[in-house]
1. State which residue pairs qualify: first residue within 12 Å of G357 (Cβ to Cβ) and inside region 140-151, second residue among the aliphatic types (A, V, I, L, M) and open to solvent by 30 Å² or more (accessible area, probe 1.4 Å) in any location, beta carbons under 9 Å apart, and separation of 6 or more residues or different chains.
2. Would region 73-87 turn up any residue that is open to solvent by less than 10 Å² (accessible area, probe 1.4 Å) and among the hydroxyl-bearing types (S, T, Y)?
3. Any chance region 326-343 includes a residue that's touching a Pro at 6+ places or on another chain (Cβ under 8 Å), under 22 Å from V180 (Cβ atoms) and either polar (S, T, N, Q) or not in a helix (DSSP H, G or I) (or both)?
4. Show me the helices (runs of 4 or more DSSP H) entirely contained within region 28-130 in which 1 or more residues are among the β-branched types (V, I, T), at pLDDT 95 or above and under 21 Å from the mean Cα position of the chain (by Cα).
5. If I119 satisfies all but one of (1) in contact with a Phe, Trp or Tyr (Cβ under 8 Å, 6 or more places away or on another chain); (2) in contact (Cβ under 8 Å) with a residue 24 or more places away in the chain; (3) more than 30 Å from T64 (Cβ to Cβ), what's the number of the condition it fails?
6. Out of the helices (runs of 4 or more DSSP H) lying entirely within region 248-314, which hold 1 or more residues that are closer than 30 Å to L390 by Cα and within 20 Å of the chain's Cα centre (by Cα)?
7. Here is a list: L376, L333, L350, L343. Which entry is touching a Leu at 6+ places or on another chain (Cβ under 8 Å), closer than 21 Å to A22 by Cα and crowded, with 24+ Cβ neighbours inside 10 Å?
8. Tell me whether region 213-228 contains one or more residues that are at pLDDT below 95, more than 27 Å from V138 (Cβ to Cβ), open to solvent by less than 60 Å² (accessible area, probe 1.4 Å) and within 21 Å of the chain's Cα centre (by Cα).
Amino acid sequence: MRISQRAQSVAPFYAMEFGKHAAALEAAGHRVVKLSLGEPDFGAPPAVLDALREAVGSRPMTYTGALGLPELRQAIARFYGDQHGVDVDPGRVVVTAGASAALVLGAAALVDPGDEVLIADPSYPCNRQIAESFGARVTLVPTSAGSRYQLDTAAVRSYWTDRTRGIMVASPSNPTGTSVPADELAAICELARERDAWRIVDEIYLDLGDHDAQGRPPRSVLSYDQEAVVINSFSKYFGMTGWRLGWCVVPEALVPALERLAQNYMICASTPAQHAALACFTPESLAVCEERRAEFGRRRALVLDGLAQIGLPVPVPPDGAFYVYFDVSGTGLSSWEFCGRALQEAHVALTPGRDFGVGTAETHVRLSYAASADELREGIARLGKFVATLART
């Protein structure tokens, strides 16, 4: 069988690979502390679970329209108004089979072979893999702790070429948990808009971002760039990991193209998941999600304090999501070696920087604090003992 060049060129997602190794250790009888994947341990809010049970027991599960249930699209649009003060036409909301499907649809609609796309290094690996699958020439733009491991206007301008057709930004970011300051992101989008380039902005973790001193949530890019393509998900803030439900907000002119693509690529997102997701937007569920966001803040403090005591520096403390990106270069191990040995010797699963780019591939490791506080304490304790053994050798 002849395998396509596209399939052969796709790199493994190492977070998932380490997850497989962790599962094998567990099958062999070891207790593994899994801090490698971004899976909130809470699950969906109770009202969402109740809505799912009602949906599957009370109606046949037929396909919805390719763009999603009209009432769910309306609920998402209202959420932008209530939560972020942004007026969004429900007709611009496309419900998808997870945020990954939203990224696929966006790339399919915007990328032609040979188009150059600028993405930060480090960044979520699937973003660039999806863009490259549609023929993009991805340029990983180096970042640093000084730029919060995010794109800034100076870097975008420096790496822009005549072939550049778009940029992909994630704020807050996976793996760093850091956000692009609103004024900086607005300037980046304006630069791209002036050059007739598209902007895909991953806001999957936006509602897990820190609130400001006045208690206001982070601003959506839609508050200053209504033509940006915004990607979001029910997996993180709403805790519906594994339900495979997401959405995107797109310019009106792009909706017909995405509808045709969705009809052919996925028909529609999961019907029962869509019906259940309507319960995400009740006051009851939103209160649950806000308490969970606060809990993630407490877990972050626990992890940052623990890593500092171990002597594993975090160059830029996160301000959103549930990831900490720490530097292991002082241990004398590469990030790959550190993660491999931490899993085998301490039975703690982490993700090496190799997943996320080039600049920090060998020096940094991602830890997910989506696990429970007890698991985090256990994981930090095990890592402390592991690092202590390294210091003695």
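The values are calculated or read from the model by the stated rules, or taken from the named source; none is laboratory data. Since the model is a prediction, treat every value here as computed from it, not as a measurement. Here the Cβ positions follow ideal geometry from the backbone for every residue, glycine too, while neighbour counts run over all protein chains shown. Each accessible area value is taken on the protein alone, full model and side chains, heavy atoms only, with ligands, DNA and RNA left out. Shrake-Rupley method; radii C 1.70, N 1.55, O 1.52, S 1.80 Å.
1. Once the first residue is within 12 Å of G357 (Cβ to Cβ) and sits in region 140-151, its partners that are among the aliphatic types (A, V, I, L, M) and open to solvent by 30 Å² or more (accessible area, probe 1.4 Å) give L140/V358; P142/V358.
2. yes
3. Within region 326-343 (the criterion being touching a Pro at 6+ places or on another chain (Cβ under 8 Å), under 22 Å from V180 (Cβ atoms) and either polar (S, T, N, Q) or not in a helix (DSSP H, G or I) (or both)), the answer is yes, since at least one residue qualifies.
4. 70-84, 99-110
5. (1)
6. Filter on region 248-314 gives 283-310.
7. Checking each option against the conditions leaves just L350.
8. yes
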